[in-house]
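Novice: Pasting a structure below so you can have a look.
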Amino acid sequence: MITTVLAFLLTLGILVVIHEYGHYRVAVACGVKVLRFSVGFGRVLWRRQSSPDATEFVVCALPLGGYVRMLDEREAPVGPGQLEQAFNRKTLWQRAAIVSAGPLANLGLAVLLYAAAHWIGVQEPKALIGPPAAGSLAERAGLSAGDWVRALAVGSANGAGEGEGEWRDLRSLTDLRWEVTQAALNGQNLQLQVSDRDGRGTRTVNIDLAGVDAREVDAALSQRIGLGSPWREPVLGEVKAGGPAAVAGLQRGDRVLSLDDQPVADAQHIVERVRASVRDGQPVAQRWLVERDGRTLAVMVTPRVVSEGGKTFGRVEAVPGQPPVMQTVQHGVFEGLQHGVVRTWEISVLTVKMLGRMLIGEASLKNLSGPLTIADYAGQSVNQGLAYYLGFLALVSVSLGVLNLLPLPMLDGGHLMYYIFEGVTGRPVSDLWLARLQRGGIAVLLMMMSVALFNDVARLLGLH
């Protein structure tokens with residue numbers, strides 16, 4: 001819990017400082033006097049000002065944002081000697097540059113963070129797929145547990161499209177999921193270059209994603225397509241003493257060949273069949289065929305009945321397989337920067353598309369996340385290592401940059417919208433309309449924050 005809170009505060013602190021520093025740096029470059037640079041709101045905890053005429057830097061008690069306060073005649077009287085330093089006296093392009101500098105700083109930070117994560121190297125699961133869900137597109141295309149997806153090509157939207165796209169090598173299952181998500185959102189088809197897990201027997205598989213329901217971009221989307229879970233070797237891990245597996249004689253390192261004469265190709269098969277070994281609330285004994293030290297043994301295992309969340313299922317109290325096969329994904333200096341630019345652009349476009357789809361009802365509002373989800377993911381990424389945390393920080397930085405560029409009053413994008421109007425008409429937005437738009441913007445932001453917080457609580461309670 002402490003790690004999660006500290007990681008969340010560190011994440012907010014870094015992103016707010018970079019965002020506000022973007023505004024501050026460009027304002028100073030344009031000759032605007034910056035009165036205060038604040039991280040957080042409310043009571044001042046720390047303050048530094050080198051001279052009475054210099055910028056006041058403060059850290060406040062509520063760390064949920066920040067601001068840069070500039071000299072402006074619309075907020076307070078400005079002396080004749082400082083009029084040239086007032087924000088409202090600057091040219092249109094200078095004001096637009098100052099306002100856009102914050103979101104652009106977040107996007108620039110994301111590029112560097114993605115690059116740094118891949119300079120360090122990230123451990124990601126190899127693109128060995130687990131068993132596709134029954135009836136999924138992957139299963140119908142002929143994919144099976146343990147298939148290694150080596151490369152991918154994207155076809156045109158709603159087309160048969162063999163050979164339309166350029167083949168791209170896949171470094172990991174994470175790359176595969178990302179490409180699948182984007183193709184599903186665009187209604188495109190995929191060609192996969194597949195071999196067995198040892199690299200033999202290469203073949204091409206076609207998956208048409210045009211009819212996939214992509215309203216929710218989450219792990220369930222990849223699962224519905226059949227490319228969500230990594231392949232795990234069906235070799236037992238820890239066997240709990242006194243549990244059903246140990247009582248039946250199963251041991252750590254046993255390779256599971258079949259359950260009730262049905263072949264087992266993946267650890268997920270073990271999980272599914274053990275959970276389904278309960279009928280009318282009573283356990284059903286299963287015949288396990290395992291390989292141990294070169295010998296094949298048949299073992300009868302009676303699972304323990306467990307009830308959770310109103311569901312009843314079986315459990316044998318043994319780790320059902322080995323961890324996924326992992327590999328290090330690492331880039332050189334220039335390749336890492338290129339990857340950072342491409343990934344930042346792709347996620348920015350994806351974010352805008354999803355927001356647009358939510359606005360017209362084509363995507364679920366469940367995709368909105370708030371501070372509780374961010375805090376949870378921050379804690380998880382910190383526990384996984386520096387490279388993972390940098391990748392998470394980059395993702396949130398992109399989201400913050402894109403969100404602030406939305407044409408909503410109260411956001412930087414709203415101010416840019418006013419400047420576009422001023423540039424086209426030659427006059428600023430009237431005070432009356434400014435007040436109306438501000439009230440509307442506050443209402444929209446409060447609604448978005450309420451939905452995001454509701455989604456956070458629902459996820460914590462297991463309702464989503």
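Novice: Scan segment 302-332 for residues that are among the aliphatic types (A, V, I, L, M) and touching a Phe, Trp or Tyr at 6+ places or on another chain (Cβ under 7 Å) and jot them down. Reasoning before the result, please.
Specialist: Taking segment 302-332 and keeping what is among the aliphatic types (A, V, I, L, M), we get 305-306, 316, 318-319, 325-326, 329.
Across segment 302-332, the qualifying residue is only 306.
Novice: I've got another one for you. Among the residues of segment 48-57, which ones are touching a residue at least 12 places away in the same chain (Cβ under 8 Å) and assigned to a strand (DSSP E or B)?
Specialist: 56, 57
Novice: Same structure again: If you scan segment 18-36, which residues turn out to be surrounded by fewer than 22 Cβ atoms within 10 Å (Cβ to Cβ), more than 20 Å from residue 113 (Cα to Cα) and under 33 Å from the mean Cα position of the chain (by Cα)?
Specialist: Matches in segment 18-36: 25, 26.
Novice: Would you confirm, using the coordinates I've provided, whether residue 328 is in contact (Cβ under 8 Å) with a residue 60 or more places away in the chain and within 24 Å of the chain's Cα centre (by Cα)?
Specialist: It is true that residue 328 is in contact (Cβ under 8 Å) with a residue 60 or more places away in the chain and within 24 Å of the chain's Cα centre (by Cα).
Novice: Here is a further query. On the basis of being within 28 Å of residue 338 (Cα to Cα), out of contact with any helix residue (DSSP H, G or I) (no Cβ under 6 Å at 6 or more places or on another chain) and assigned by TED's automatic domain parsing to the domain that holds residue 344, does residue 108 make the cut?
Specialist: In short, yes.
Novice: Contact list please: Cβ distance under 8 Å, first residue in segment 421-438 and under 15 Å from residue 93 (Cα atoms), second residue at pLDDT 85 or above and aliphatic (A, V, I, L, M), pairs at least six apart or on different chains.
Specialist: Hits for this filter: 421/429; 422/92; 422/429; 423/92.
Novice: I'd like to check which strands (runs of 3 or more DSSP E) are fully inside segment 266-383 and have at least 2 residues that are buried (at least 18 other Cβ atoms within 10 Å of the Cβ).
Specialist: Ranges flagged: 286-292, 311-315.
For (1) in a helix (DSSP H, G or I); (2) among the aliphatic types (A, V, I, L, M); (3) assigned by TED's automatic domain parsing to the domain that holds residue 94; (4) under 23 Å from residue 67 (Cβ atoms), each residue gets a yes or a no:
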| position | (1), (2), (3), (4) |
| --- | --- |
| 395 | yes, yes, yes, no |
| 409 | no, no, yes, yes |
| 419 | yes, no, yes, yes |
| 424 | yes, yes, yes, no |
| 428 | no, no, yes, yes |
| 440 | yes, no, yes, yes |
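Novice: Separate question: Given the conditions (1) surrounded by fewer than 20 Cβ atoms within 10 Å (Cβ to Cβ); (2) touching a helix residue (DSSP H, G or I) at 6+ places or on another chain (Cβ under 8 Å); (3) modelled with pLDDT of 85 or more; (4) not acidic (Asp, Glu), which single one is not true for residue 457?
Specialist: Only one criterion is unmet by residue 457, namely (3).
Novice: I would also like to ask the following. Report whether or not residue 400 is crowded, with 19+ Cβ neighbours inside 10 Å and touching a residue at least 24 places away in the same chain (Cβ under 8 Å). Let's see the steps before the verdict.
Specialist: Details: crowded, with 19+ Cβ neighbours inside 10 Å: yes; touching a residue at least 24 places away in the same chain (Cβ under 8 Å): yes.
It is true that residue 400 is crowded, with 19+ Cβ neighbours inside 10 Å and touching a residue at least 24 places away in the same chain (Cβ under 8 Å).
Novice: Only one of 99, 111 is out of contact with any strand residue (DSSP E or B) (no Cβ under 8 Å at 6 or more places or on another chain), under 30 Å from residue 227 (Cα atoms), modelled with pLDDT of 95 or more and not in a loop (DSSP other than H, G, I, E, B); which?
Specialist: 111
Novice: Right, here's the next one. Specify the residue that is nearest to the chain's Cα centre (by Cα); the eligible residues are those in segment 101-146 that are farther than 26 Å from residue 15 by Cα and hydroxyl-bearing (Ser, Thr, Tyr). Full working, then the answer.
Specialist: The first filter runs over segment 101-146 and keeps only residues farther than 26 Å from residue 15 by Cα, leaving 125-146.
Next, from what is left, pick out any that are hydroxyl-bearing (Ser, Thr, Tyr): 136, 144.
Working: 136: 24, 144: 27 Å.
Residue satisfying both the conditions and the ranking: 136.
Novice: Among all residue pairs at least 6 apart or on different chains, which show Cβ distances below 9 Å where the first residue, located in segment 24-35, is free of Cβ contacts under 8 Å to residues at least 40 places away in the same chain and the second is hydroxyl-bearing (Ser, Thr, Tyr) and crowded, with 22+ Cβ neighbours inside 10 Å?
Specialist: Every condition considered, the pairs that remain are 34/24.
Novice: Could you list, in sequence order, the residues of segment 8-46 that are more than 30 Å from residue 392 (Cα to Cα) and assigned to a strand (DSSP E or B)?
Specialist: Hits for segment 8-46 are 34, 35.
The values are calculated or read from the model by the stated rules, or taken from the named source; none is laboratory data. From a predicted model like this one, the values you see are computed outputs, not experimental measurements. A quick note on method: Cβ atoms are made from the backbone with ideal geometry, for glycine too, and the neighbour counts reach across all protein chains shown.
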